[in-house]
1. Looking only at segment 48-57, count how many residues are open to solvent by 40 Å² or more (accessible area, probe 1.4 Å) and part of a strand (DSSP E or B).
2. Is it the case that some residue within segment 38-47 is open to solvent by less than 30 Å² (accessible area, probe 1.4 Å) and either at pLDDT below 95 or acidic (Asp, Glu) (or both)?
3. Which of the residues belonging to segment 131-178 are among the aromatic types (Phe, Trp, Tyr), assigned to a loop (DSSP other than H, G, I, E, B), surrounded by fewer than 18 Cβ atoms within 10 Å (Cβ to Cβ) and touching a residue at least 40 places away in the same chain (Cβ under 8 Å)?
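The values are calculated or read from the model by the stated rules, or taken from the named source; none is laboratory data. This is a predicted model, so every value here is computed, not measured. Note that each Cβ is placed from the backbone with ideal geometry, even for glycine, and that neighbours are counted across all protein chains shown. Note: accessible area is taken over every heavy atom of the protein model, side chains too, but ligands, DNA and RNA are not part of it. Shrake-Rupley method; radii C 1.70, N 1.55, O 1.52, S 1.80 Å.
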Amino acid sequence: MSILKTAFSGLVLMAALIVFGGNKALATPSYCDTVAGNLIQNCGFETGDLTGWTTMPAASGSLFGVSGNPNTGSNALFFGAVDSLADQVLQPFAVTPGHTYMISFAFMTDSATPNLAFVGVFDGTFHLLGGGPDLNIQGWVFPEYFYTATNSFAVLVLGGFDVPGFEWIDDVVVKEASAPEPLTLSLFAAGIAGIGALRRRKSA
């Protein structure tokens, strides 16, 4: 837990300093670029760098960037810091207080340990959504998390280290969680009405 506390220090200052980079031409499009309503810029790292993201390098042993080991597209983010201190990348996203947002991405390690990876949201308080130490995930996995906005701003935080090897993140998606479509709601209501009618017939 002390590692995570160290990793999160300075988030308040960084949230105040976050800026967006300029636009660059995309290489091969990533899956996340096709997701309607995705609030994350450069979600598949197809600019070939961390345009749109603010970086917080580890105090020592920092090693992270963009490589050609993608889930989709041409690039992915990698973490490989060697001193058990987490590198972090951050990006603000638009929120409406009280609304819920789905956060998903592709994640993979090379199974080398010790390592650490985490995802969270900073909105004046840091909310750790998932992650942990010594993850052994060979092949891409696709975790999903949900965050309900409690403030007028939010910052996505991704971080990690991998002392002997690397871990990768790709296809980052943050979008407002969908409410049921009107048609779905009407079908649900019709189903309830049908169940009620069946019960009345049985009791008659």
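1. 1
2. yes
3. Here is the first cut: in segment 131-178, the ones among the aromatic types (Phe, Trp, Tyr) are 140, 142, 145-147, 153, 161, 166, 168.
Of the ones still in play, those that are also assigned to a loop (DSSP other than H, G, I, E, B) are 140, 142, 153, 166.
Narrowing the set further to residues that are surrounded by fewer than 18 Cβ atoms within 10 Å (Cβ to Cβ) leaves 140, 142, 153.
Across segment 131-178, the qualifying residues are Trp140, Phe153.
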